[in-house]
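Reviewing the structure listed below.
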Amino acid sequence: MQSKYTGYMGRVIQIDLATKKISEYPWSDKERELFIGGKIMAAKILCDHFKGTEQPFGDENIIVISTGPLTGTGAPSSSRFNISTLSPLTGILASSNCGGSFGYYLKKAGYDALVIKGKCEKRTWIEINNNKFIFHSADDMWGTKISECQTKLAGKMQAAHGEKAKYGHICIGPAGENLVKYAAVLSGERAAGRAGVGAVFGSKNIKAITAAGNHIIPVFDAEKTLEWNKKWFKYLKKHPLTGNQLPKLGTAGLVSSMQMRGLLATKNYTYGKNTDFEKVNGETLAEQYNIVNKGCMTCPIKCARTVEVDGKQVKGPELETLGLLAGGILNDNLQLVNQWNYQLDELGMDTISAANTLSYAMEANEKGLWKNGLEFGKTDNISQLWEDIAYRRGIGDELAEGSRFLSRKYGGEEFAMNVKGLELAAYEPRMAAGQGLGYAVSNRGGCHLNGGYLVILEGLGLNTNPNTPKAKADFTMLFQDLMEMISASGQCLFTSYAFFPGFLITQPNGPVTKAANAAIPHIGWALRFINKCPTTLAIHLPVFHHTKIFPYAVNMPMNFGKYIRCGERGYTLERYVNSRFGITEKDDKLPQRLTDVPQNENNPKTVVPLDKMKKTYYAARGWDKNGVPTKETLRRLNII
Ligand code: SF4
């Protein structure tokens, strides 16, 4: 242990793939305090490395795989780890969070993070076992789909370490090998799906990494940590969202609420409602297809579904996949979505980008821009298409480049549903203006979570005015910073759902809920103050358990204000790195369909009023009018 803080293992390891040299990456306690772990730590390492001239598939790109201080400490939903790199899909920072067991086992091996540089000359899988780093040939695994690769890895680990070998792993499928720009990295059934991190693995000839070891993950005060975690588990289990809706219906449970509020992206975001939604909602998935609920390690929420495909029990679709591969392409066959979801996981491909690239292609075909044989509602050629994308055959080769590439080639940028090259999730933002702002400014491109997930205020938890721009910029900043920090700590973002007192969710028409919904657009000034001076909030909030665990488990002083400030530091740091790659205000835009074409033709307000919100957002963040963090802001946040 080389840190005064617990929770951490105190070591970061640098792997040079070209020379196979393993060395310590210097990481001090000061850096732990400022950059915590996970995606924020990764952003700092990438910031110190990138000049802005690097190419995603160039040898000079690096991959940072990092855990958080809470990963593996028993805190709720804390098995998470993060992969950050330069994205081949967007050309800017990618950060992708995953819930499999790799993060836990990386810490068991004795490490908080890996910094991977260079490129393997040959196809390789890397075995990490305590202080051993072994580079194995991956020739016999190359070309395998995910479950076959995982079976082969299991065989090798058992042969070397016995039947009961315990280890975590990450691997890529054919999509990563063939540099599909939205290829994923899988850990068990969970995916670090977004922004093409799997393709960067492929470009470096890494098929898989395993981690194992017998280190103990230290916590500062084991008794208090356990006590607090028990309280926290209980709170999450009692909360209507984390204790009822998510366990019962998974994220798919949101389909019906989204339909009700016009938030369900339908026919490539032409509409916000899907007339066939009852055939493809969470209730139907739960009643007709779900076999058993599953979840990540130490998670009381267990949001994952299990369905049957080809006689096997496999992971069911999440809301985004369900929305985009059902209503998004006018398909009302839920079992097909289950099948495609499994197929995309097996190929190692992000379901959101794959689905949105497909719906763009269908619309381009419908409008006569690109004759490709893909039609809304026509599903018989889709299974084959996924294979063609993963192996880059026929039109699959072009679809593998994503919707931004295609729209630049064939036209139709106004309906290519991406921001900065990253395809949007299933939330239609014309009935959730704040979510629209989040998509536009999100550091990794069009991401609902990295965007701040304001849709939870605008219809999916509370029900404030979805079309007003008022206070949305301030809430966006606050939620982004909170989620940045939850992720950096090593926890799942769904733990933040319990931030809203349960009665606000169970009593949507109660007087307090109504008052809260009415008040939200008018409290921007208060949030602006909190965002500006978070350290004045040196308290723990009873609804937000994430801060109090820090002194118990990590031996690090923490309070709500400090927590937000750390999140702000991370968010601004990522933007600072992106600005080196040329990102400015002009890139914080949405496809014109969302800003210029009202969802309801009789209500001109049903667009995203982006420009107004953007100005307030930049001012709140201390970024200049071009959307670039000012020197003063960077100094205030100890970034420079
Ligand atoms: S809420 Fe779902 S995604 Fe998050 S840790 Fe739990 S099971 Fe995994």
If I compute solvent accessible area with a 1.4 Å probe over the protein chains, what percent of it on region 12-212 is carbon and sulfur? 47 percent
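If the only charges are +1 at each Lys and Arg Cβ and -1 at each Asp and Glu Cβ, what is the size of the charge dipole of the chain around the Cα centre, to the nearest 20 debye?
Working: 77 positive and 60 negative charges, 374 e Å.
So the dipole magnitude of the chain works out to roughly 1800 debye.
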Carbon and sulfur %, accessible surface of region 432-636 computed with the full protein complex present, 1.4 Å: 59 percent
How do the peptides 382-389, 490-497 rank, highest first, by the average count of neighbouring beta carbon atoms within 10 Å per residue? 490-497, 382-389
Could you please state, rounded to a whole Å, how far the C-alpha centre of region 277-323 is from the C-alpha centre of region 12-90? 31 Å
FRET efficiency, residue 145 to residue 375 (Cβ-Cβ, R0 41 Å, nearest 0.05): 0.90
Take the alpha carbon atoms of region 539-610, find their center, do the same for region 241-269, and report the distance between the two centers in whole angstrom. 22 Å
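To one decimal place, what Kirkwood hydrodynamic radius in Å is obtained for region 1-149 from all pairs of distinct Cα atoms? Let's see the in-between values first.
Values: mean 1/r = 0.0622 Å⁻¹.
Answer for region 1-149: a Kirkwood hydrodynamic radius of 16.1 Å.
Give the accessible surface of region 432-636 per residue, rounded to a whole number of Å², with probe radius 1.4 Å and ligands, DNA and RNA excluded.
Working: 7390 Å² over 205 residues.
Accessible surface, normalised per residue, equals 36 Å².
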Taking a ≥ b ≥ c as the square roots of the Cα gyration tensor eigenvalues, with a/c under 1.5 meaning rounded and otherwise prolate when a/b beats b/c, else oblate, which class fits region 250-423? prolate
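How would you rank 614-624, 308-318, 466-476, highest first, on the average number of other Cβ atoms within 10 Å across their residues? Mind showing how you got there, number by number?
Numbers: 614-624: 19.1, 308-318: 16.9, 466-476: 24.1.
Packing proxy ranking, top to bottom: 466-476, 614-624, 308-318.
Report the chymotrypsin sites (Phe, Trp or Tyr not before Pro) located in region 1-77 that are in a DSSP loop and have at most 10 other Cβ atoms inside 10 Å of their Cβ, or state none. Can you show the working numbers first?
Values: sites: 5, 8, 27, 35, 50, 57; in loops: 5, 8, 27, 50, 57.
Here no chymotrypsin sites (Phe, Trp or Tyr not before Pro) fit, given the DSSP loop and packing criteria.
Of all the C-alpha pairs in the chain, what % are more than 47 Å from each other? If you can, show how the numbers build up before the last one.
Numbers: 14775 of 204480 pairs.
The share of Cα pairs beyond 47 Å in the chain comes to 7 percent.
The values are calculated or read from the model by the stated rules, or taken from the named source; none is laboratory data. No experiment lies behind these values; they were computed from the predicted model shown. Quick reminder, even Gly has a Cβ in these numbers, built from the backbone with ideal geometry, and neighbours come from all protein chains shown. Areas reflect the complete protein model, heavy atoms only, side chains present, ligands, DNA and RNA absent. Shrake-Rupley method; radii C 1.70, N 1.55, O 1.52, S 1.80 Å.
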